[in-house]
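Asker: Before I ask anything, let me first share the structure, which is written out below as structure tokens.
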Amino acid sequence: MSADLIIKNIGKLATMRGKSPFIGKAMNDIEIIENAYVAVKDGKFYEIGIGNNYNHLIDVHTIIDDAKGRLVTPGLIDAHTHLVHGGSRENEFAKKITGVPYLDILKSGGGILSTVKATKSASFEQLYDKARKSLDRMLEFGVTTVEAKSGYGLELDTEIKQLKVAKKLGKDHPINLIHTFLGAHAIPLEYKEDSEKFVDIIINDMMPKVKELELAEFCDVFCEYSVFNINQTRKIFKRAKELGYKLKIHADEIVSLGGAELSVEVGCVSADHLMAASDEGIRLMAQKNVVANILPATSFNLNKEYANVRKMIDINLAVSLSSDYNPGSCPSENLQFVMQLGCLGLKMTPNEVLSAVTINAACAIDRQDCIGSIDIGKDADLVIFDSPNVEYLMYHFGINHTYRVYKCGELVVDDKHTIYDKKCECILN
Ligand code: NIG
Ligand code: FE
């Protein structure tokens, strides 16, 4: 049978094959095939081989792309973003760098609450255009799947507006989107003295409606000191499970509250941040296969301690890395910078970092069966990097290493620039 596409002359092919997370030593001991080719048929990986043994796959329609000795990896996955939002918060930037704490800015009605105002007043089209630009940037950095959270409405209509924008983008843009409801992202000022009442509104009004409209697969909570406490988070998750949501949690980002432990108790797919997680919490997560989704660009930007990833890998906890792209704690779509911080800040090896943004990130969004690897039958999402090896991606920091990106076998980025408008307006979501 002939292939639709063959990428030949791959100097190093990092396959990341498998359908479960890479843990412990396996995060570093990855398969690299030298002088490889990859064949694609019907948007899926069809054959992987060595040298030029692909003649049996060629017919007149087969497109052949010469990687000229470059590095090829699976499409990168960003499993934690706050993609859709109005406005920006550079006005808080000066305060932040002089040391005003993130939670103090939030308490005084700024931070997340100021983005809530901007998101409420933005039209659907404004939110769509802004988020679409961000997705284009992400795609240019080699990202082919993105998780997108709501959480800048904090009331039903605006939460739904955000989620509908994300749904439409998932249909219109080559990047696949995974949708998360984060109505429990902050306590609106009017409920400051009665946060239980706001929790009830989330549980009784927002969560059933969002589910009924099929706008979100996951439910997430910002479980943090002076935001949602452990009991409130537990209550929200109990209802979320009854309604059929999968769970994610912003856990132990700033204060050690026991979010990691709660993620195990309720059965989260991932617990994210974990800069202040307890040893016991991460030990339990490793036992119960909750993915630790670490966001080093947020630590960098908030000038906080990095999460203790070396310890996590030592105890066989599955670690993924994501951007946390949002207008406050991480105003950057650049997952390659996150990868560089994985090495420079978290002290991970380049191979561990690659595991963390491919197969392990797929596990963090429960997509390990279809993406995250260059493996027969998985979606043909791949990046050709202008880089001879994995190490070079992290070593030469601050630039975009992408050469080409293929999404489901279609060329969507060429020479660092998106070209999907001309090639394929929309690929399956
Ligand atoms: O993951 N911590 C809560 N949520 C985001 C920040 C959102 C914002 O500041 O707008 C985070 O860091
Ligand atoms: Fe976040």
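The values are calculated or read from the model by the stated rules, or taken from the named source; none is laboratory data. Since the structure is predicted, the reported quantities are computational estimates derived from the model, not experimental observations. Cβ placement follows ideal geometry from the backbone for every residue including glycine, while neighbour counts extend to all protein chains displayed. These accessible areas exclude ligands, DNA and RNA; they are computed on the full protein's heavy atoms, side chains included. Shrake-Rupley method; radii C 1.70, N 1.55, O 1.52, S 1.80 Å.
Asker: Can you tell me which residue within segment 45-70, out of those that are crowded, with 19+ Cβ neighbours inside 10 Å and over 30 Å from the mean Cα position of the chain (by Cα), is nearest to H401 (Cα to Cα)?
Answerer: Only one residue fits best here, namely Y54.
Asker: Which number in (1) among the hydroxyl-bearing types (S, T, Y); (2) crowded, with 24+ Cβ neighbours inside 10 Å; (3) assigned to a loop (DSSP other than H, G, I, E, B) marks the one condition that S355 misses?
Answerer: Here S355 clears every test but (3).
Asker: Further, regarding this structure: Residues in segment 118-140 that are open to solvent by 40 Å² or more (accessible area, probe 1.4 Å) and touching a residue at least 24 places away in the same chain (Cβ under 8 Å): how many? Give the steps one after another, and end with the answer.
Answerer: Looking only at segment 118-140, we keep the residues that are open to solvent by 40 Å² or more (accessible area, probe 1.4 Å), and these are 120-121, 123-126, 129-130, 132-133, 137, 140.
When the remaining residues are screened for being touching a residue at least 24 places away in the same chain (Cβ under 8 Å), the result is 120-121, 124, 126, 130, 132, 137, 140.
The number of residues fulfilling the criteria is 8.
Asker: Looking at segment 236-252, which of its residues are assigned to a helix (DSSP H, G or I) and either surrounded by fewer than 19 Cβ atoms within 10 Å (Cβ to Cβ) or within 12 Å of ligand 2 (Cβ to nearest atom) (or both)?
Answerer: We begin by selecting, within segment 236-252, every residue assigned to a helix (DSSP H, G or I); these are 236-243.
Within segment 236-252, K238, R239, K241, E242, L243 meet the criteria.
Asker: Further, regarding this structure: In segment 258-273, what residues are away from ligand 1 (no atom under 16 Å from the Cβ) and within 20 Å of the chain's Cα centre (by Cα)?
Answerer: Scanning segment 258-273 gives G267, V269.
Asker: Now for a separate question. So, in segment 145-200, how many residues would count as being assigned to a loop (DSSP other than H, G, I, E, B) and of a type in the set (D, E, K, R)? First the steps, then the outcome.
Answerer: Within segment 145-200, the subset assigned to a loop (DSSP other than H, G, I, E, B) is 150-155, 173-175, 185-188, 192-194.
Add one more test, that the residue is of a type in the set (D, E, K, R), and what stays is 155, 192-194.
So the answer is 4.
Asker: The conditions are (1) open to solvent by 30 Å² or more (accessible area, probe 1.4 Å); (2) touching a strand residue (DSSP E or B) at 6+ places or on another chain (Cβ under 8 Å); (3) over 30 Å from Y306 (Cα atoms); (4) not polar (S, T, N, Q), and V210 fails exactly one of them. Which is it?
Answerer: All conditions pass for V210, except number (1).
Asker: If T73 satisfies every condition in (1) outside any loop (DSSP other than H, G, I, E, B); (2) of a type in the set (S, T, N, Q); (3) surrounded by fewer than 21 Cβ atoms within 10 Å (Cβ to Cβ) but one, which is the exception?
Answerer: Evaluating T73 over (1) outside any loop (DSSP other than H, G, I, E, B); (2) of a type in the set (S, T, N, Q); (3) surrounded by fewer than 21 Cβ atoms within 10 Å (Cβ to Cβ) leaves (3) as the failure.
Asker: So, in segment 108-117, how many residues would count as being more than 10 Å from ligand 1 (Cβ to nearest atom) and open to solvent by 30 Å² or more (accessible area, probe 1.4 Å)? Lay out the reasoning, then the answer.
Answerer: Going residue by residue through segment 108-117, those that are more than 10 Å from ligand 1 (Cβ to nearest atom) are 108-109, 117.
Of the ones still in play, those that are also open to solvent by 30 Å² or more (accessible area, probe 1.4 Å) are 108, 117.
Final tally of qualifying residues: 2.
Asker: A further question follows. With the requirement that a residue be in a helix (DSSP H, G or I), open to solvent by less than 30 Å² (accessible area, probe 1.4 Å) and in contact (Cβ under 8 Å) with a residue 60 or more places away in the chain, what does segment 287-324 give you?
Answerer: If we filter segment 287-324 for residues that are in a helix (DSSP H, G or I), which is where we start, we get 287, 296-302, 309-314.
After this cut, where a residue has to be open to solvent by less than 30 Å² (accessible area, probe 1.4 Å) as well, the list is 296-299, 302, 309, 312-313.
Selection gives L302, I313.
Asker: Within segment 75-94, can one find any residue that is in contact with a His (Cβ under 7 Å, 6 or more places away or on another chain), within 24 Å of I175 (Cα to Cα) and in contact (Cβ under 8 Å) with a residue 12 or more places away in the chain?
Answerer: no
Asker: Within segment 22-31, identify whether any single residue is in a strand (DSSP E or B) and either without any contact (Cβ under 8 Å) to a residue 24 or more places away in the chain or touching a helix residue (DSSP H, G or I) at 6+ places or on another chain (Cβ under 7 Å) (or both), and answer yes or no. Steps first, answer last, please.
Answerer: Step one: list which residues in segment 22-31 are in a strand (DSSP E or B), which gives none.
No, there is no match, as no residue in segment 22-31 is in a strand (DSSP E or B) and either without any contact (Cβ under 8 Å) to a residue 24 or more places away in the chain or touching a helix residue (DSSP H, G or I) at 6+ places or on another chain (Cβ under 7 Å) (or both).
Asker: Sort out which residues of segment 179-194 are within 16 Å of ligand 1 (Cβ to nearest atom) and open to solvent by less than 70 Å² (accessible area, probe 1.4 Å), and write them in order of number. Walk me through it before giving the result.
Answerer: Filtering segment 179-194 for residues within 16 Å of ligand 1 (Cβ to nearest atom) gives 180-189.
Within segment 179-194, T180, F181, L182, G183, A184, H185, A186, I187, P188 qualify.
Asker: Looking only at segment 333-342, which residues are open to solvent by 10 Å² or more (accessible area, probe 1.4 Å) and within 14 Å of V146 (Cα to Cα)?
Answerer: Selection gives E333, N334.
Asker: Turning to a different aspect of this structure: Looking at the structure I just gave you, is E265 in contact with a Lys or Arg (Cβ under 9 Å, 6 or more places away or on another chain), more than 16 Å from ligand 2 (Cβ to nearest atom), within 21 Å of V146 (Cβ to Cβ) and of a type in the set (D, E, K, R)? Quick ask: steps written out before the conclusion?
Answerer: Working: in contact with a Lys or Arg (Cβ under 9 Å, 6 or more places away or on another chain): yes; more than 16 Å from ligand 2 (Cβ to nearest atom): yes; within 21 Å of V146 (Cβ to Cβ): no; of a type in the set (D, E, K, R): yes.
Taking the combined requirement at face value, the residue does not satisfy it.
Asker: Just wondering, is there one or more residues in segment 128-145 that are of a type in the set (D, E, K, R) and within 16 Å of ligand 2 (Cβ to nearest atom)? Even if it seems obvious, please write down each step before you answer.
Answerer: Filtering segment 128-145 for residues of a type in the set (D, E, K, R) gives 129-130, 132-133, 136-137, 140.
When the remaining residues are screened for being within 16 Å of ligand 2 (Cβ to nearest atom), the result is none.
Within segment 128-145, none of the residues are of a type in the set (D, E, K, R) and within 16 Å of ligand 2 (Cβ to nearest atom).
Asker: Among the residues of segment 397-408, is there at least one that is more than 18 Å from the chain's Cα centre (by Cα), of a type in the set (A, V, I, L, M), surrounded by fewer than 22 Cβ atoms within 10 Å (Cβ to Cβ) and on the phi < 0 side of the Ramachandran plot?
Answerer: Yes, that holds for at least one residue.
Asker: Which pairs have Cβ atoms under 7 Å, sit 6 or more apart or on different chains, and link a residue in segment 202-219 that is assigned to a loop (DSSP other than H, G, I, E, B) to one that is modelled with pLDDT of 95 or more and open to solvent by 50 Å² or more (accessible area, probe 1.4 Å)?
Answerer: The qualifying pairs are L215/K164; L215/K167; E217/K246.
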